[in-house]
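Student: Quick one: the structure is below, questions incoming.
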Amino acid sequence: MKTHKILLVLLAITWWGVAALAQLPTKQVLTLDAAKKIAAAAEVEARKRAATVVIAVVDDGGYLLVLERLDDTQVASVDVGIAKARTAAIFRRPSKVFEDQVKNGRISALALPGAVALQGGVPIIIDGKVVGAVGVSGNSPQEDEDIARAGAESAAAAIKGGSK
C-alpha cells in the first residue's frame, strides 16, 4: 500500500512537471553563425556603395554578437552603430522612429533609457518576432539604414539556412 502511494505521488509530480514544461513558450534565437551571415550581407551592400561604415548585429536583448568596422571607417561609428542596433532590438522598431519623433518636436524621446534617436538601426524579424537587430553608422542616415536593412532582410535565409 505504501509503495502504491509513493508511485502515485511520483506519477503526479511527473505529470505536473510535464504539464508545466508543455506550457513554456519557445522562441527563435539569433545564433552567432546567423549573425555573421547577416553582417556579411550588410557588408556586401556597403561595399557596393563604397561606404565606410560600422556594422553591428545584436541579439533580441541588444547585446553585441558581431561587429565589423570596414577599412577607413571613423572610430566614433563603433559605439554609434552598436547603439542604433540596440535601440532597434530592445524597442522592437527602427531607430529612425525616435529620430522622427525628435524632429517632430517630441524631444522627450531623447530621455528614453537605451534609445538613440539616430537613423540606421533595423530590427531583425523572423516569423513576426524580433530576434535581434542590425545597426550601421558612418555614412548618411539613409545610407546607414539601407545597409542595415540589407542585412536584416537576409536574416530569414541565414536562419533557415541551417543556423537555427
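Student: With charges only on Cβ, +1 for K and R and -1 for D and E, what is the dipole size of the chain about its Cα centre, in debye, rounded to 20?
Tutor: Numbers: 20 positive and 17 negative charges, 174 e Å.
That gives a dipole near 840 debye.
Student: Compute the length gained on full extension between Leu24 and Leu64: take 0.36 nm times their separation in residues and subtract their Cα-Cα distance, giving the result in nm to one decimal. Present the calculation step by step, with values, prior to reporting the outcome.
Tutor: Numbers: separation 40, 0.36 × 40 = 14.40 nm, distance 2.63 nm.
Additional length available on full extension: 11.8 nm.
Student: Just name one of Gln74, Ile90, Gln101: the one whose Cα is farthest towards the positive end of the charge dipole of the chain (beta-carbon charges, Lys/Arg +1, Asp/Glu -1).
Tutor: Result: Ile90, furthest along the dipole toward the positive end.
Student: Also: Using the Kirkwood radius over Cα pairs, work out the Stokes-Einstein diffusion coefficient for the chain at 37 °C and 0.692 mPa s, in µm²/s as a whole number. Mind dumping the intermediate values first?
Tutor: Details: Rh = 17.0 Å.
After rounding, the answer is 193 µm²/s.
Student: Next up: By the scheme Lys and Arg +1, Asp and Glu -1, what is the net charge of all other residues having a beta-carbon under 10 Å from that of Ser154? Write out the running numbers ahead of the final one.
Tutor: Details: positive: Lys37, Arg149; negative: Glu45, Glu153.
Computed value for this residue: 0.
Student: Going by alpha carbons, how many degrees (0 to 90, nearest 10) lie between the helix axis of 32-48 and the longest principal axis of the chain?
Tutor: Compared with the principal axis, the helix lies near 20 degrees.
Student: Pick from Leu30, Leu11, Leu118: which residue has the top mean-square fluctuation in a GNM of the chain where Cα pairs under 10 Å get a spring?
Tutor: Leu11
Student: What residues qualify as long-range amide H neighbours of Val66, i.e. H under 5 Å apart, gap of 5 or more or another chain, H built at 1.01 Å from N?
Tutor: Residues meeting the criterion, in which the H sits 1.01 Å from N, are Val57.
Student: At Leu110 and Val78, where each label point lies 7 Å from the Cα along Cα→Cβ, what is the point-to-point distance in nanometres?
Tutor: Using points 7 Å along Cα→Cβ, the separation is 2.7 nm.
Student: Once phi is turned into ³J(HN,Hα) by the Karplus curve 6.51 cos²θ - 1.76 cosθ + 1.60 with θ = phi - 60°, what whole-Hz value does each residue of the range 67-75 show in order, with x for glycine and proline?
Tutor: Karplus-based 3J(HN,Hα) across the range 67-75 equals 9, 10, 10, 5, 3, 6, 7, 4, 4 Hz.
Student: What number, in percent, do you get for the relative contact order of the chain if the mean sequence gap of Cα pairs under 8 Å and at least 6 apart is divided by its residue count? Spell out each step's value before the answer.
Tutor: Working: 339 pairs, mean separation 41.9, N = 164.
Reported as a whole number, the value is 26 percent.
Every read-out reported here was derived from the displayed coordinates using simple, explicitly stated rules and does not represent laboratory data. Here the structure is a predicted model, which is why all the values come from computation and not from measurement. Positions of Cβ are backbone-derived with ideal geometry, glycine not excepted, and every protein chain shown enters the neighbour counts.
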